[in-house]
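The values are calculated or read from the model by the stated rules, or taken from the named source; none is laboratory data. Note that the coordinates shown come from a computational prediction; the quantities given were computed from them, not determined experimentally. Here the Cβ is made from the backbone with ideal geometry for all residues, glycine too, and neighbour counts use every protein chain on show.
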Amino acid sequence: MPHAKPPQAAMVPLAITEFTLSNALGFGKAATRDALRQQRSGLIPCNFLDVALNTYIGRVADLEQRPVTPRLAAFDCRNNRLAQAALQQDAFEAAVDTAKLRYGAHRVAVIIGTSTSGILSTELAFRARDPETGALPTPVHYRETHELSSSAEFVRQYLQLSGPVLAISTACSSSAKVFASAWRMLQADLCDAVVAGGVDSLCLTTLYGFSSLELVAAEPCRPADQNRGGISIGEAAGFALLERIQNAPDASLGLLGYGESVDAYHMSTPQPEGLGAALAMQRALDRAGLAAGDIDYINLHGTASRSNDSAEDHAVSRLFGRQTPCSSTKGWTGHTLGAAGITEALIGLLCIEHSLIPGSLNTRQIDPTFMSRITLEPISQPVRRVLSNSFGFGGNNASLIVGRINI
Amino acid sequence: MNVYLDGIGVFGPGIADWAAAIGLLRGERPFDCAANLPAFNVACLPATERRRAGTSVQLAVDLAAQAITAAGIDPTLPAAVFASTSGDTHVLTDICAALASKDRLISPMRFHNSVHNAAAGYWTIAQRNREPATAVALHTLTASAGLLEAATQVVTEHTPVLLVIYDIPFPPPLSAVEPILTVFGMSFLLQPEQTARSVARLSICLVAGNEACAPMSPALEALRSGVPAALLLPLLTALAEPAPRVQTVVVPYVAPHALAVGITPLAPGAVAL
């Protein structure tokens, strides 16, 4: 017979000693924080390349003018440009340097989540195929730009690290799951610090792919709205430096818990009652040793697709009733897909640092069938712990709890 | 990290399962990369999913079922790690070609099949398994990265983990840029404690250095170096030895590290349950 799992003890939180994020709201923490406060959306009518779709996008400005550092020229692509631009904000590189000095470069791991990596480079190369032979133009740096670990390898080389490396690609839960793998790697003593990240950039595959599923909205996305018409696709990068709490006595923020599950239901439609989503949230609470009432704010996956928002509402209301304020911040950033998990966990940290619960931007009339406490207006109040949801194709779910530590 | 190996699956040219692989790995029969691929056994997929699943998903599902069956474990119990460098290279090529065409239309099914966790999705749907499932990549080191992630999950989460390592070649034009020799994969069911099915204890750790693997036959060496999913062939070769013995196999990982896998053979049935 299989061995029964022992009852799970609450995990010791991991310290998040530095973090940074860049997205349609701008580069670095201050840009996202200010936009959240000012209720300023980053979504604009689609002006990406020659894409002729009637939709809004969350586009990061000026990536075209920010090539990757010459020493890593082969890695130059939109995805790695976005990764590099994000790494350069908020003294993140300095924090990594400190960890490197303290632990050794070989003891700092890199774990990056991405959905489509730098597929745009390959998409554009296909347009330039030789009409006679079908061959791609040379050079094509597939490994450096498009293979799923291209950004993980880019980040590792850019930061000059030599610890364990992993790329996780589970669609829209990718960069939430990096936190779970980071906790495990530290727990197994494979490293002493982890650069956990998520990077996903605009490409034709996701714009036309989500359009083919009729999941893309013609207007800026309206999460949880009774007339929500689908998602707005965005791009983003986020990074967090994770260390053991005993090595970071001054850290005030950390990862308190994580929960992973799958729906085992359908490739592109969530289980309607949100059973898999609820399982991920419950596992995150259990691992953090917290009850539902300990969570001050839930950052929803909240894509504004009809089926996601409805299933998530079922799951959230089953666990949290009408008590806990929740909102989606995708009205600001768009759905940043493989980067959404870390982007929204880090938004949760900004909410804690600045005592802010954002309302659900663009949402006008909450779906009358919804039972959870969706907030439309921002609330200023102390926030200690935030639960952030990320759910992806393949029914892949991850929930994170971030919060204050050492209190 | 100590984990227990309860089930092995292998698939490739002329290799339908672990039993078929043993003779090749022992050198009793020559490996022929041009041999026909066996038919995939994807009976566990519901009929609709079977129609929608491409080569890459069918390969992964076949391998997953092999390891589960060999381990005699309830398929709803293990967490899963699916490791492949580029996943479904056919879907990826079709999408890039469609997006370069005038109408840019891609089919919804092709789009949802393009996610790297497609195999994990099909497998967990087929088995109604709600345990965590991940999909990872690390180019030529994907297999050792997958083994490390799987072993780490076993040890830190105290859970059985199904590890599936699989690759299929790219069609043109990407085949010229990213050559993958053939369809190939292997799978392992790893347990946190010894069970009646355990065939070996694996002690996995990072070591310094870049030790060369023991030489294999030229045909197997071509497979090992030609398909990222075959990187752990030396581990399979050690496990296939006719007289099991304690030994350590070192496989490449991110420099300056390598992955050492200590093998302690166990007699199945040795544990009374």
Revision key, fill the gap. Note: among A:Val96, A:Val12, just one is surrounded by 17 or more Cβ atoms within 10 Å (Cβ to Cβ) and either aliphatic (A, V, I, L, M) or at positive phi (or both), namely A:Val96
**Study point:** Qualifying positions in the stretch B:176-205 - assigned to a loop (DSSP other than H, G, I, E, B), within 13 Å of chain A (Cβ to nearest Cβ) and not aliphatic (A, V, I, L, M)
**Key:** B:Glu178, B:Pro179, B:Pro192, B:Glu193, B:Gln194, B:Thr195, B:Arg197, B:Ser198
**Study point:** Scan of the stretch A:350-407 for residues that are surrounded by 21 or more Cβ atoms within 10 Å (Cβ to Cβ) and among the hydroxyl-bearing types (Ser, Thr, Tyr), ordered by number
**Key:** A:Ser360, A:Thr363, A:Ser372, A:Ser388, A:Ser390, A:Ser399
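A:Ala264 - would you say it is surrounded by fewer than 24 Cβ atoms within 10 Å (Cβ to Cβ), among the small types (Gly, Ala, Ser) and within 13 Å of chain B (Cβ to nearest Cβ)?
Numbers: surrounded by fewer than 24 Cβ atoms within 10 Å (Cβ to Cβ): yes; among the small types (Gly, Ala, Ser): yes; within 13 Å of chain B (Cβ to nearest Cβ): yes.
Against the criterion (surrounded by fewer than 24 Cβ atoms within 10 Å (Cβ to Cβ), among the small types (Gly, Ala, Ser) and within 13 Å of chain B (Cβ to nearest Cβ)), A:Ala264 qualifies.
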Review point. Would it be correct to say that B:Arg29 is among the charged types (D, E, K, R), surrounded by fewer than 16 Cβ atoms within 10 Å (Cβ to Cβ) and either under 27 Å from B:Leu181 (Cα atoms) or within 7 Å of another protein chain (Cβ to nearest Cβ) (or both)?
Key: yes
Check your understanding: Can you name the number of the only condition in (1) touching a Ser or Thr at 6+ places or on another chain (Cβ under 8 Å); (2) farther than 17 Å from B:Thr124 by Cα; (3) within 7 Å of chain A (Cβ to nearest Cβ) that B:Ser86 fails?
Key -> (1)
Exercise for review: Output the qualifying pairs, or none if there are none: Cβ atoms under 6 angstrom, residues six or more apart or on different chains, first residue in the stretch B:1-17 and away from chain A (no Cβ under 11 Å) and under 19 Å from B:Val42 (Cβ atoms), second residue among the acidic types (Asp, Glu) and crowded, with 24+ Cβ neighbours inside 10 Å.
Suggested key: B:Phe11/B:Asp62
Practice item. Of the conditions (1) under 18 Å from the mean Cα position of the chain (by Cα); (2) closer than 28 Å to A:Glu243 by Cβ; (3) polar (S, T, N, Q), A:Ser355 clears all except one; give me its number. Key: (1)
Check your understanding: So B:Leu37 clears everything in (1) part of a strand (DSSP E or B); (2) surrounded by fewer than 18 Cβ atoms within 10 Å (Cβ to Cβ) except one condition, right? Which one?
Key -> (1)
Check your understanding: Being of a type outside the set (Asp, Glu), out of contact with any strand residue (DSSP E or B) (no Cβ under 9 Å at 6 or more places or on another chain) and surrounded by 24 or more Cβ atoms within 10 Å (Cβ to Cβ), is that true of even one residue in the stretch A:22-39?
Key -> no
**Study point:** Cβ-Cβ under 6 Å pairs, at least 6 apart or on other chains, the stretch A:8-25 side within 14 Å of A:Thr98 (Cβ to Cβ), far side hydroxyl-bearing (Ser, Thr, Tyr)
**Key:** none
Check your understanding: Of the residues that sit in the stretch B:103-113 and are in contact with a Gly (Cβ under 7 Å, 6 or more places away or on another chain) and closer than 16 Å to A:Thr170 by Cα, which one is nearest to the other protein chains (Cβ to nearest Cβ)?
Key -> B:Phe111
Point to revise | Pick from the stretch A:201-225, criterion crowded, with 24+ Cβ neighbours inside 10 Å and without any contact (Cβ under 8 Å) to a residue 24 or more places away in the chain, ranking: nearest to the other protein chains (Cβ to nearest Cβ) | key: A:Gly209
Exercise for review: Give B:Ala126, B:Ala100, B:Ala118, B:Ala79 a once-over and let me know the one that is within 26 Å of the chain's Cα centre (by Cα), facing chain A (nearest Cβ under 7 Å) and aliphatic (A, V, I, L, M).
Suggested key: B:Ala118
Point to revise | Filtered residues of the stretch A:108-151 (kept if polar (S, T, N, Q) and on the phi > 0 side of the Ramachandran plot) | key: A:Ser117
Check your understanding: List, please: which pairs have Cβ atoms under 6 Å, are six or more places apart or on different chains, and start with a residue in the stretch A:280-296 that is basic (Lys, Arg) and modelled with pLDDT of 95 or more and end with one that is surrounded by fewer than 23 Cβ atoms within 10 Å (Cβ to Cβ) and in a helix (DSSP H, G or I)?
Key -> none
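Which count do you get for residues in the stretch A:99-124 that are assigned to a loop (DSSP other than H, G, I, E, B) and surrounded by 23 or more Cβ atoms within 10 Å (Cβ to Cβ)?
Looking only at that region, the number is 5.
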Review point. Pick from the stretch A:155-193 the residues that are away from every other protein chain (no Cβ under 12 Å) and surrounded by 24 or more Cβ atoms within 10 Å (Cβ to Cβ): which of them is farthest from B:Ala100 (Cα to Cα)?
Key: A:Ala193
Exercise for review: Go through the stretch A:126-154 and count every residue that is free of Cβ contacts under 8 Å to residues at least 24 places away in the same chain, hydrophobic (A, V, I, L, M, F, W, C) and either at the interface with chain B (Cβ under 8 Å from one of its Cβ atoms) or over 28 Å from B:Lys102 (Cα atoms) (or both).
Suggested key: 4
Exercise for review: Report the residue count in the stretch A:226-247 for those that are surrounded by fewer than 22 Cβ atoms within 10 Å (Cβ to Cβ) and more than 14 Å from chain B (Cβ to nearest Cβ).
Suggested key: 6
**Study point:** Some residue of the stretch A:38-54 being touching a Gly at 6+ places or on another chain (Cβ under 8 Å), in contact (Cβ under 8 Å) with a residue 24 or more places away in the chain, more than 22 Å from A:Thr363 (Cβ to Cβ) and in a loop (DSSP other than H, G, I, E, B)
**Key:** no
Review point. Going through the stretch A:335-357 one residue at a time, which ones are closer than 15 Å to A:Ala304 by Cβ and of a type outside the set (Gly, Ala, Ser)?
Key: A:His335, A:Thr336, A:Leu337, A:Glu344
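Does the stretch B:229-267 hold any residues that are small (Gly, Ala, Ser) and over 16 Å from the mean Cα position of the chain (by Cα), and which are they? I'd like the intermediate steps shown before the answer.
From the stretch B:229-267, those small (Gly, Ala, Ser) are B:229-230, B:238, B:240, B:243, B:255, B:258, B:260, B:262, B:267; that's our starting set.
B:Ala238, B:Ala240, B:Ala243, B:Ala255, B:Ala258, B:Ala260, B:Gly262, B:Ala267, listed by residue number.
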Review point. For the stretch A:71-93, what are the residues that are part of a loop (DSSP other than H, G, I, E, B) and surrounded by 15 or more Cβ atoms within 10 Å (Cβ to Cβ)?
Key: A:Asp76, A:Cys77, A:Gln88, A:Gln89, A:Asp90
Exercise for review: Might you check whether a residue that is assigned to a strand (DSSP E or B) and modelled with pLDDT of 95 or more occurs anywhere in the stretch A:60-70?
Suggested key: no
Exercise for review: Among the candidates B:Glu49, B:Glu28, single out the residue that is assigned to a helix (DSSP H, G or I), over 17 Å from the mean Cα position of the chain (by Cα), over 22 Å from B:Thr142 (Cβ atoms) and not aliphatic (A, V, I, L, M).
Suggested key: B:Glu49
Review point. In the stretch A:369-407, which residues are of a type outside the set (S, T, N, Q), in contact with a Phe, Trp or Tyr (Cβ under 6 Å, 6 or more places away or on another chain) and farther than 25 Å from A:Gln39 by Cα?
Key: A:Gly395
Study note, to complete from the structure: Given (1) touching a helix residue (DSSP H, G or I) at 6+ places or on another chain (Cβ under 7 Å); (2) surrounded by fewer than 16 Cβ atoms within 10 Å (Cβ to Cβ); (3) part of a helix (DSSP H, G or I), B:Val61 misses just (2)
